[in-house]
Structures are given as structure tokens and as C-alpha cells.
1. State the extension gain, in nm to one decimal, for the chain segment bounded by residue 74 and residue 237, taking 0.36 nm per residue of separation less the distance between their alpha-carbons.
2. Which of the aspartates and glutamates could a cross-linker bridge to residue 70, judged by Cα under 17 Å and excluding same-chain residues fewer than eight apart?
3. Ignoring ligands, DNA and RNA, how do 240, 201 rank by accessible area with a 1.4 Å probe, largest first?
4. Peptides 211-218, 347-354: what's the order by average Cβ count within 10 Å, highest mean first?
5. Which length gain, in nm to one decimal place, applies between residue 87 and residue 132 when the Cα-Cα distance is subtracted from 0.36 nm times their residue separation?
6. Ordered by residue, what ³J(HN,Hα) values in Hz, to whole numbers, does the stretch 243-252 give under the Karplus form 6.51 cos²θ - 1.76 cosθ + 1.60, where θ = phi - 60° and Gly and Pro are x?
7. Using the structure shown, list the pairs from 52/199; 24/321; 87/199; 24/52; 94/299; 83/287 with a Cα-Cα distance above 27 Å, or answer none.
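The values are calculated or read from the model by the stated rules, or taken from the named source; none is laboratory data. Just so it is clear, the structure is predicted and the values come from calculations on it, not from any experiment. In this analysis, Cβ positions are derived from the backbone assuming ideal geometry, glycine residues included, and neighbour counts consider all displayed protein chains. Protein only, heavy atoms only, side chains kept; ligands, DNA and RNA dropped before computing areas. Shrake-Rupley method; radii C 1.70, N 1.55, O 1.52, S 1.80 Å.
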Amino acid sequence: MRGFRFTDFLPGDLPKGGFDELLKLFSELLNYTAGDAGEALSWLNELDKQYKLTGNDYGIGDFIQDLKDKGYLNEDPADGELKITAKTEQTIRKSALEEIFGKLKKAGRGNHNSNISGVGEEKNADRREFNFGDSLDQIDMTASIHNAQINHGIGNFTLTERDLEVEEKDYKTLTSTVLMIDISHSMILYGEDRITPAKKVAMALAELIKTRYPKDTLDIVVFGNDAWPISIKDLPYLQVGPYHTNTFAGLELAADLLRRRKTHNKQIFMITDGKPTCLKENGRYYKNSMGLDRKVINKTLNMAAQCKRLNIPITTFMIAKDPYLQQFVRQFTEINGGRAFYSSLNGLGEYIFEDYIKNRRRTVR
């Protein structure tokens, strides 16, 4: 029978305290503890006391033992310290991907399609007559035979060039992306945790590329006083340091990484909440946190122009709302020819994912 069948809502019947539910909560807590399993379990225990997450049949001790048995935790035999495993790191990335990407509309078949039709790799809805030079695999034989029957009749079958119908195809692109994450001290100042959402977005984007765009590349660069690359497996442990913001060093490293990539499509995503305040010159740091320092800003803008000459657009995700900072971002974006989004922390993931998936530029030259 079709339709809906309504029953009474019984809160006691809801699943509660099982391994899967606790694993989701544990994975979320690991984002806030920078991968510290002991601290995350301590928080989980406090939440259990307050909200009664577990029951008599399954407690936090059972959950910890299951984490060990199923390969999510390792115990150091020397001091008994619990550490997460590669399996847990992947679980955190998958959880972030489901949380962020699940909010977006379904986006095609998981490839970056260009907006240029012709001899490509994936069929689209456009049809046209056959032209000299079209490859045979573009011909829709069923539609072509149907055209021949309409044009010449069924009794004496004739197929001419004008009957042939061609399916247009789109180019698929390969994209190399560098995601820059600001880890300066301001990312945790003013009572707002900005590093955890940024870290979560990075993990989700990494998992998306690994699973849906396996031929694309993603490099992750963090920048404070200096800039350095980190691997995907390091993301859960990422923390803010007592750093200033050396945006120039981050851009310089990102551009250098992209120069080594053989793809035509290259882009930089930069997540930041503040102004550039630092440079490194002759082994010494030049710092000025008081305002938009002319020396720091000019060198950063010059780097944006250099990226433009290298055909590397920069998309800036500014998670601060100060008018003078937004003015700097507008100038930075104009010089580079890239894009800028002034995003809240809640909307950061959606902005980045939509911009990544909608990047549909031609790669074949």
C-alpha cells in the first residue's frame, strides 16, 4: 500500500549509546582536540555524565575497547597513551565530507566539465549534423538510422551523410589545487574558534578529491610566520600557533608547488581571517600587527600579480568582516583576477565546495 503510516513518537525507542553513534561524536570531538584521543575521550565521558549517552548494556569503557578492537585506537605499551590510527583519520575526513558535501545539491558525475563542446570525453545533451572531421565514436547510430528511415523511407534503406547525427562531448578537466590555511594566532582570538571549521573543510575537500576526483591533486599549505606544506594525514592534528600572518610566504610556496604540476588548470584557495602582518627577509622576521603595513602589503600584492602571470587564480575566503580588511581583499583579488568570498564560518564549506565543483575550464590546447 502506498502512502504514509503514522505511529506514536516514543523517545525511548531511539537508538542511543551504540558504537556508531558514539563514533560520530568521538570523531567530531577529535576535530576540537587536534587529534588528541585522550582529551576527546575525557570530553566524551563528561558528555555521557551530563546527557546519559550510554546505558547499562553499553558504556564508555565498552566503546573504548571496541575502538581498540576495530583498529581506531592504538595504545602505547610504554605509557598507555591512546593514539588514533590512519583508519580514524579517514573516518574524520569522511564525516567532514558528509557534513559539508551533503548540504550541497548533486553535482553531475563527479568530474570537472568545461563549458566548451566538441571532441571531448563525456557526452552532453547537444546534437547536430555530422561534419567532416568528426570522429566515428561521436555518431549516434540509433538516431542516425532513425533519421534515414524518416528521410528515405523504410522499404529501400538509404543512409547518407546528412542523416548522421552527432553527440556533442565535453572536455573533462584535471585540476591542481593548493589550499592555504591561516594558522596565525588570530584564528582563535576574540572568543571564536576559526581553525576547526577551516580544518574540517580541508579534510572534507581532501576526501572529496581522493574519492570523486582521483586524478586531481590537492596540496595543503599552512602559513603563520613562515609557510610549509602538510600532508592530508596531518590535518586532524593541525593547531594554531603564536604566529603572525606571512601571506606572501604562503603564496610563494603554493605557486612553487603548482609550478611542478603538469596540469593546465591550477588554482589556490586561501582561508584567512586577517591582514598580512609578517615577512621574512635575510633570515629575520619583519612584523607589524598595528595595521596594513605598506611594505608587507605591497610585497603580497606583487605575489598576487605574479600568480596571475602564471595563470594561477586565487580564491580568497575571508572569514573576517572588518571593512579595511575587505578593502585589501578586493584590491588583492583585482590584481590577481581571482575571486573573493566574505564567508561566515558556517557557510565556509559550501562556498569552497561549490567553487571547486563549478570550476569548468578547458584544459586541452
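1. Working: separation 163, 0.36 × 163 = 58.68 nm, distance 1.60 nm.
Contour length minus Cα-Cα distance gives 57.1 nm.
2. Correct list for residue 70: 20, 21, 62, 89.
3. Numbers: 240 30, 201 5 Å².
Ranking 240, 201 by accessible area, largest first, yields 240, 201.
4. Numbers: 211-218: 15.8, 347-354: 19.1.
Most protected by this proxy first, the peptides run 347-354, 211-218.
5. On the way: separation 45, 0.36 × 45 = 16.20 nm, distance 5.37 nm.
Fully extending the segment from residue 87 to residue 132 adds 10.8 nm.
6. 10, 8, 10, 9, 5, 4, 4, x, 5, 4
7. Working: 52/199 29 Å; 24/321 32 Å; 87/199 18 Å; 24/52 16 Å; 94/299 38 Å; 83/287 37 Å.
Too far apart for the 27 Å limit: 52/199; 24/321; 94/299; 83/287.
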